[in-house]
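Undergrad: Got a structure for you, questions after.
The values are calculated or read from the model by the stated rules, or taken from the named source; none is laboratory data. This one's a predicted model, so the numbers in the text were calculated from it and none came from an experiment. Counting neighbours? That spans all protein chains shown, and the Cβs are built from the backbone with ideal geometry, glycine included.
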Amino acid sequence: MSSELPHIPRREVTGAWVLLLGYATLLTGMVWDGQWHGDVGPDDFWTAPHLLLYAGTGIIGITCLTVVLLSTWARGAATSTPSVTVWRTFRAPWPFLVGGLGASGNLLYAGSDLWWHEVYGFDIAAGATPSHFGLGLSIQVEIFAMIMAFAVLRRTRAERWGLALAIGLATLGSTSAFGMVSEMIFEWLPGVAPRVLGLGAAAALILSLVIGLTRSWHWPAATGLTFVLVQGGLSLFAPAATRWYAEAIGQPMRDYAANMPQALIGFPVTYPLVALLAGGMTAWAVRRAVNPVRIAVAAGALAGLNTALFYGVLGILEMNLVVTLVAATALGAGTGWLGWQCAVMLRRFSERGLSVPRAVTA
């Protein structure tokens, strides 16, 4: 595989790993913040979970800016890395341009979140305010940048494991944006739990994306393993950190706080089984010369079905199970096809060294 891919400057290889670190920090803060809202409640802009979240965004933003500046100064160096010229001056590799835009939006909405807290008070549910909605979408852009950065690599086993870890982080981290958007789009559907459709679509998109990028059974299964590590680690950290921090600042726990890890119900814990099955389906398709896009669609449908079954069994969301199963499976299949198309574009992006010479002026 390494012979198929272009040379990638060291600054972008290092930058991809730092993006991964930044997003891992951001996700830790985001999950901790969700646990805090559930178990304690009152907060403000300067609480530790918020600061950890924005520290992760700061790492992403500084990394993207650094890579863009270094790429601009190295303009004369031979490289086939996909990039775009911004304002006729700055040479920006696409993943780091996207990441920089996401980080900028995140910090912009952070300011609006601070204003919202000061005007309307504390203990506001995530997604219920314009600032939280903007934060969720900005974070999703940062997720796409992280995946793009590793999609361009994929030359060595370590880099492919980096992609698997990025997918594992992205799977859990996409719950915010996909959940909020689904509430807006599917609220009118009778009997359907919109959040189930959103999380099913997220799982389908990301799973089909890794199938399309790697064309191998190993790496869909590897993303299931990294998801277990990410969800398990955050499930151990968030409740303990919440209780410790509440005691440190003198905040009482809610009377009904069960100290249950929110990360365990924020996304189906059965997703790794789906990833493993998707890996097996991919291996079967390779041996039988089956059109792999069909596997991406089937894996997407399976991801949607799994999401509906998980929340239907838990019973924590109001839904007509049969209607939601049908809707989640159909949406998962469609999103699986979309994920495959995105993977095709990203493979061309890296293998052909696609570049866009036109200047971006806005």
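Undergrad: Please work out which residue is modelled with the highest pLDDT, limiting yourself to the stretch 192-232 and to residues that are of a type in the set (Gly, Ala, Ser) and in contact with an Asp or Glu (Cβ under 9 Å, 6 or more places away or on another chain). Steps first, please.
TA: First pass over the stretch 192-232, keeping only residues of a type in the set (Gly, Ala, Ser): 193, 198, 200-204, 208, 212, 216, 221-222, 224, 232.
Applying the additional criterion that residues be in contact with an Asp or Glu (Cβ under 9 Å, 6 or more places away or on another chain) yields 193, 198.
Working: Ala193: 86, Gly198: 92.
Looking at residues that are of a type in the set (Gly, Ala, Ser) and in contact with an Asp or Glu (Cβ under 9 Å, 6 or more places away or on another chain), I get Gly198.
Undergrad: A follow-up question, please. If you check Arg155, Arg160, which single one turns out to be outside any helix (DSSP H, G or I), under 24 Å from Cys64 (Cα atoms) and not polar (S, T, N, Q)?
TA: Within the list Arg155, Arg160, the selection yields Arg155.
Undergrad: Here's another thing I want to ask about it. With the requirement that a residue be polar (S, T, N, Q) and crowded, with 18+ Cβ neighbours inside 10 Å, what does the stretch 290-319 give you? Spell out the reasoning first.
TA: First, pick out the residues of the stretch 290-319 that are polar (S, T, N, Q): 291, 306-307.
Selection gives Asn306, Thr307.
Undergrad: Quick one: which residue in Val269, Val290 is modelled with pLDDT of 85 or more and not in a helix (DSSP H, G or I)?
TA: Working: Val290 fails: modelled with pLDDT of 85 or more.
Unique residue meeting the criteria: Val269.
Undergrad: Please determine whether any residue of the stretch 66-78 is assigned to a helix (DSSP H, G or I), modelled with pLDDT of 90 or more and buried (at least 21 other Cβ atoms within 10 Å of the Cβ).
TA: yes
Undergrad: Here's something else I'd like to know. Give all pairs with beta carbons closer than 7 Å in which a residue from the stretch 97-116 that is over 16 Å from Ser176 (Cα atoms) and outside any helix (DSSP H, G or I) meets a residue that is modelled with pLDDT of 90 or more and not hydroxyl-bearing (Ser, Thr, Tyr); count only pairs at least 6 apart in sequence or on separate chains.
TA: none
Undergrad: I'd like to know if the stretch 152-166 contains one or more residues that are surrounded by 24 or more Cβ atoms within 10 Å (Cβ to Cβ) and more than 13 Å from the chain's Cα centre (by Cα).
TA: The answer is yes; a qualifying residue exists.
Undergrad: Out of curiosity, is Ala330 modelled with pLDDT of 95 or more and either of a type outside the set (S, T, N, Q) or surrounded by fewer than 19 Cβ atoms within 10 Å (Cβ to Cβ) (or both)?
TA: Values: modelled with pLDDT of 95 or more: yes; either of a type outside the set (S, T, N, Q) or surrounded by fewer than 19 Cβ atoms within 10 Å (Cβ to Cβ) (or both): yes.
When the stated conditions are applied, Ala330 passes them.
Undergrad: On the given criteria, is Val152 in contact (Cβ under 8 Å) with a residue 40 or more places away in the chain and in contact with a strand residue (DSSP E or B) (Cβ under 9 Å, 6 or more places away or on another chain)?
TA: Working: in contact (Cβ under 8 Å) with a residue 40 or more places away in the chain: yes; in contact with a strand residue (DSSP E or B) (Cβ under 9 Å, 6 or more places away or on another chain): yes.
Criteria met by Val152.
Undergrad: Turning to a different aspect of this structure: Please indicate, with yes or no, whether at least one residue in the stretch 215-237 is without any contact (Cβ under 8 Å) to a residue 40 or more places away in the chain and crowded, with 16+ Cβ neighbours inside 10 Å. Walk me through how you get there before you give the answer.
TA: Taking the stretch 215-237 first, the residues without any contact (Cβ under 8 Å) to a residue 40 or more places away in the chain are 232-233, 235-236.
Of the ones still in play, those that are also crowded, with 16+ Cβ neighbours inside 10 Å are 235.
Taking every residue of the stretch 215-237 in turn, at least one turns out to be without any contact (Cβ under 8 Å) to a residue 40 or more places away in the chain and crowded, with 16+ Cβ neighbours inside 10 Å.
Undergrad: With the condition kept exactly as written, say whether any residue in the stretch 174-185 is small (Gly, Ala, Ser), in a loop (DSSP other than H, G, I, E, B), crowded, with 22+ Cβ neighbours inside 10 Å and in contact (Cβ under 8 Å) with a residue 24 or more places away in the chain. Break it down into steps so the answer makes sense when it comes.
TA: Initially, the stretch 174-185 is screened for residues small (Gly, Ala, Ser), giving 174, 176-177, 179, 182.
After this cut, where a residue has to be in a loop (DSSP other than H, G, I, E, B) as well, the list is 174.
From the residues that got through so far, the ones that are crowded, with 22+ Cβ neighbours inside 10 Å too are 174.
Going one step further and asking which of them are in contact (Cβ under 8 Å) with a residue 24 or more places away in the chain, we end up with 174.
Yes, some residue in the stretch 174-185 is small (Gly, Ala, Ser), in a loop (DSSP other than H, G, I, E, B), crowded, with 22+ Cβ neighbours inside 10 Å and in contact (Cβ under 8 Å) with a residue 24 or more places away in the chain.
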